[in-house]
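**Student:** The structure is given below, and queries will be raised subsequently.
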Amino acid sequence: MSGQIADSRKKSLSEAFVNSFGGYPIGYGLGIVILPLSVGWIQKDPFTVNLLITFIYA
């Protein structure tokens, strides 16, 4: 890592804060759309639906 400037602690904390609280509304919105659509399907094939939902959230 020669020649690179390390991030300051304050910058790292602000980035972690933005990532955490910025991602929450996105996940919440996805949940409102995805979970109702998967209710009937999750009873028939829970493993596949759980994989799909996990993939979408990731």
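Quick note: the coordinates plus some simple rules give every number you see, no bench work behind them. Here the structure is a predicted model, which means the values were calculated and not measured. Note that each Cβ is placed from the backbone with ideal geometry, even for glycine, and that neighbours are counted across all protein chains shown.
**Student:** Once you place label points 7 Å from the Cα toward the Cβ at V18 and T48, how far apart are they in nm?
**Tutor:** Reported label-point gap for V18 and T48 is 4.0 nm.
**Student:** Next question, about the same structure. Could you tell me which trypsin sites (Lys or Arg not before Pro) in the chain are loop residues by DSSP with no more than 16 other beta carbons within 10 angstrom of their beta carbon?
**Tutor:** Here no loop site has a sparse enough neighbourhood.
**Student:** From the gyration tensor of the Cα coordinates in the chain, what semi-axes in whole Å does the equivalent ellipsoid have, largest first, with each one equal to sqrt(5λ)?
**Tutor:** The answer is 37, 14, 6 Å, longest axis first.
**Student:** Rounded to the nearest 500 deg cm²/dmol, what is the calculated helix-only ellipticity per residue at 222 nm for the chain, with -39500 (n - 2.57) per DSSP H run of length n ≥ 4?
**Tutor:** Counting only the DSSP helices, I get -29000 deg cm²/dmol.
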